1. P210 - would you say it is in contact with a helix residue (DSSP H, G or I) (Cβ under 9 Å, 6 or more places away or on another chain), loosely packed, with under 15 Cβ neighbours inside 10 Å and either among the aromatic types (F, W, Y) or closer than 27 Å to F106 by Cβ (or both)?
2. With (1) without any contact (Cβ under 8 Å) to a residue 40 or more places away in the chain; (2) buried (at least 20 other Cβ atoms within 10 Å of the Cβ) as the list, and M101 as the residue in question, which single condition is left unmet?
3. Among the helices (runs of 4 or more DSSP H) confined wholly to segment 126-207, which include 3 or more residues that are in contact (Cβ under 8 Å) with a residue 60 or more places away in the chain, open to solvent by less than 80 Å² (accessible area, probe 1.4 Å) and β-branched (V, I, T)?
4. Yes or no: T112 in contact with a helix residue (DSSP H, G or I) (Cβ under 8 Å, 6 or more places away or on another chain), surrounded by fewer than 24 Cβ atoms within 10 Å (Cβ to Cβ) and of a type in the set (S, T, N, Q)?
Amino acid sequence: MTQKPLAIVAGAGSGLGSALMEHFNSNGMHAVGLTRSGNGQSGLDIRACDLSVENTAHDVLSGLITEFGPPHVVVHNAAHLVIAPLGKTSAEDYETCWRNMALSAFNLAQNTMQSMANSGGGTFIVSGATASLRGGGKFSAFASAKFALRGLAQALARELQPQGVHVVHAILDGIIDTDKSRELHSLDPSKMMKPEEIAEIYWQITQQPPSVWTHELDLRPQSEGF
């Protein structure tokens with residue numbers, strides 16, 4: 001029996017992470033989701049992995065590659081949101097944002113991208129945000145980490161794309177429609193980003209021919225000002 005191509009989704013909680021896994025599975029792949037707790041949507045293949053810890057990341061990712069072969073798609077969708085004035089943002093808050101986003105993406109890339117290149121290529125997608133481009137007030141920790149992710153994606157693209165790995169930075173400029181976001185925001189759900197529709201765009205990106213690869217794109221609801 002032929003092994004299904006592996007898709008790894010780091011940050012596979014409810015919302016976009018689960019939608020990505022379902023979409024990849026429905027398109028003939030085997031999606032494995034990584035969360036720090038190992039908890040996730042029932043019926044999906046979720047593994048516990050704290051990607052901010054170097055040895056843990058190496059052990060889990062090398063184990064997946066041994067089990068399924070080199071990944072065809074890797075998505076870094078992990079995030080840690082801190083919204084606070086500078087005076088109430090601790091050094092621990094700042095470092096936690098960086099570790100859970102920038103460092104986790106570095107460890108994810110270091111343990112997957114060369115195997116992708118050696119096996120003929122693949123797609124590595126980083127989920128960014130409005131804060132990837134603009135540091136708003138009270139977002140010093142979060143924006144700094146998102147800026148770092150964007151820089152990392154650019155560096156990885158320039159290094160690995162000649163080896164066949166398509167590196168993409170996707171700026172999600174809007175609020176993703178989840179149960180939690182509906183509780184926190186008073187937005188009309190029709191003005192929120194649908195996880196399954198973002199997942200479809202990510203899938204389309206993985207199908208781009210190498211003569212027309214997208215590196216950076218921004219997605220936002222029709223009603224969103226920018």
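The values are calculated or read from the model by the stated rules, or taken from the named source; none is laboratory data. For clarity, every value in this text was computed on a predicted model and none was experimentally measured. Note: ideal-geometry Cβ built from the backbone for every residue, glycine included; neighbour counts use all protein chains shown. To get the accessible areas, we keep the full protein, side chains included, count just its heavy atoms, and leave off ligands, DNA and RNA. Shrake-Rupley method; radii C 1.70, N 1.55, O 1.52, S 1.80 Å.
1. In short, yes.
2. So M101 meets the others, but not (1).
3. 195-206
4. no
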